[in-house]
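Below you'll find the structure, written out as structure tokens, and then a few comments.
Nothing in this text is a laboratory measurement; each read-out follows from the coordinates by a stated rule. Note that this is a predicted model, so its numbers are computed, not measured. Reconstructed Cβ throughout: ideal geometry from the backbone, glycine too, with neighbour counts over all protein chains shown.
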Amino acid sequence: MKTKKVAAPLAIMAAAALGLSACAPANEAGTSNGNGLSGTLTGKGASSMKAAQDAWRAAFQQQNGGVTVNYSPDGSGAGRESFIAGAVQFAGSDRALKDDEMGAGKFAKCTSDSNALNLPVYISPIAIVYNVQGVDNLKLDADTAAGIFAGKITKWNDPKIAALNAGVNLPNANITAVHRSDDSGTTDNFTDYLHQASPSVWTNANSGTWPAGIKGEAAKGTSGVIDAVKTGTNTIGYADESAARELSVAELKVGSEFLKPSAEAAAKIVDASKQVAGRSEHDLAIKLDRRAAGAYPAVLVSYAIVCEKYKEAADASLVKAYIGYIGSDAGQQAAAKEAGSAPLSSDMSAKVKAAVDSIQ
């Protein structure tokens, strides 16, 4: 069944082309450059946020005519590496930095006594997308999904799939499961779902890189997975729901019901989860509970990774303005409109604002 992007209240103008785009015309939004901001802000990271970042950049540049914002969707791993090396002022990542990746003095653009902050700015379901001859309505439970991606279920008419899809004409055809070839936060979140929901079938721990022992077709980035599934035959893969518009999307069993990916169901899991223990006051990394009642379990939370303290005051000013905007209600509604993401709750939005305000 093909899914449509989740609607949200009308917000901000949408997407400019992704490249290193030029600024929007000054003064068009009535606040352009009124705060004196100028310069170039560069980020890199999660490809899942592409549509949201396009909308955020377009709206922010329209309101700040002296600023150019660049975002390169090269994957979460590339974003984290670039932030650590000081090649960008912020990273977009579909997972927070781990404890052993954190620590003062590890980040080139931060002061020597500064740690990083992980700030959630984008909540979205991960869709299991498929292209199977004669099938436009597919239901999966956690064990069956895990079996498919682990290579333990290899035919579309396998009894485990057939039992969940009565009346569906499943072909006697090999399954081609597509996974990310790059270090991906989407993979990290998807394998975390498989491991939490079906630990007896998916025995690997969650990871941003696909387990070496599990075969399948590899594709780079969100767009690569979508293309491989769309142009292949009897294929299945996983991707941010915002990229799944032209493909069929499976329903996942939660309790006794099957759920489609939606912003509302994705938001429930975040509200039911706890922040990672042992972090600083303004680090907002979340440990997702993928068994929360009524929540769509295959969800990713994308973070803006920033410095507590920047070496350059100009970097701090640009980061505070841009990340402050994308975490605001206006920014969250813009992403909801363009990407179908779930806006942050008012409580989390307030925490993000406090964290942004603390940046020096």
If you rank TYR322, TYR310 by fewest surrounding Cβ atoms within 10 Å, what's the result?
-> TYR310, TYR322
Distance-filtered residues of the range 303-322 - backbone nitrogen under 15 Å, label point 7 angstrom along ALA104 Cα→Cβ | 308-311
Sorted from fewest to most neighbouring beta carbons within 10 Å, what does the list MET102, MET348 look like?
-> MET102, MET348
Shape category assigned to the range 128-248 from the gyration tensor of Cα positions, a/c cut at 1.5 = oblate
Rounded to whole Hz and in sequence order, give me ³J(HN,Hα) for the range 88-94 from the Karplus expression 6.51 cos²θ - 1.76 cosθ + 1.60, θ = phi - 60°, writing x for Gly and Pro.
-> 9, 7, 8, 10, x, 9, 7
Which whole-Hz couplings ³J(HN,Hα) result when phi for each residue of the range 295-307 is put into the Karplus expression 6.51 cos²θ - 1.76 cosθ + 1.60, θ = phi - 60°, listed in order with x for Gly and Pro?
-> 9, 5, x, 8, 10, 10, 10, 9, 10, 8, 9, 9, 7
Computed ³J(HN,Hα) along the range 256-269: with the Karplus parameters 6.51/-1.76/1.60, θ = phi - 60°, integer Hz and x for glycine or proline, the list is 9, 10, 9, 10, 7, x, 8, 4, 4, 5, 5, 5, 4, 5
Can you list the residues, at least 5 places off or on another chain, whose amide H is less than 5 Å from the amide H of LYS155, using H built in the peptide plane?
-> ILE175
Measure nothing fancy, just the Cα-based angle from helix 76-85's long axis to the longest principal axis of the chain, in degrees from 0 to 90, nearest 10.
-> 30
Filtered GluC sites (Glu not before Pro), the range 171-252: DSSP coil and at most 12 other beta carbons within 10 Å | GLU246
What is the Cα centroid distance between the range 339-360 and the range 63-99, reported in whole angstrom?
-> 17
Show the residues, 5+ positions off or on another chain, whose built amide H is closer than 5 Å to the amide H of VAL254.
-> LEU259
Surrounding net charge for ARG180, when Lys and Arg each add one and Asp and Glu each subtract one, Cβ distance under 11 Å | -4
Could you point to the label whose value was computed as volume of the Cα convex hull per residue in Å³ for the structure here, given (i) 124; (ii) 132; (iii) 140?
-> (i)
In the structure shown, of LYS220/LYS311; LYS268/LYS353; LYS160/LYS230; LYS274/LYS337; LYS106/LYS337, the pairs separated by more than 31 angstrom at the C-alpha atoms are LYS220/LYS311; LYS106/LYS337
Cα-based shape type of the range 270-360, given that a ≥ b ≥ c are square roots of the gyration tensor eigenvalues and the cut on a/c is 1.5 = oblate
With a ≥ b ≥ c from the Cα gyration tensor eigenvalues, square-rooted, and the rule rounded for a/c under 1.5, otherwise prolate when a/b > b/c and oblate otherwise, the range 238-299 is oblate
Which net charge results when you count Lys and Arg as +1 and Asp and Glu as -1 among the other residues whose beta-carbon is under 15 Å from that of THR231?
-> -1
Exposure proxy check: PHE149, PHE258 ranked by fewest other beta carbons within 10 Å?
-> PHE258, PHE149
GluC sites (Glu not before Pro), restricted to the range 271-337: which are DSSP loop and have at most 10 other Cβ atoms within 10 Å?
-> GLU281
Give the long-range amide H neighbours of SER72: residues separated by 5 or more places, or on another chain, with amide H under 5 Å away, using H modelled in the peptide plane at 1.01 Å from N.
-> GLY43, LYS44, GLY45
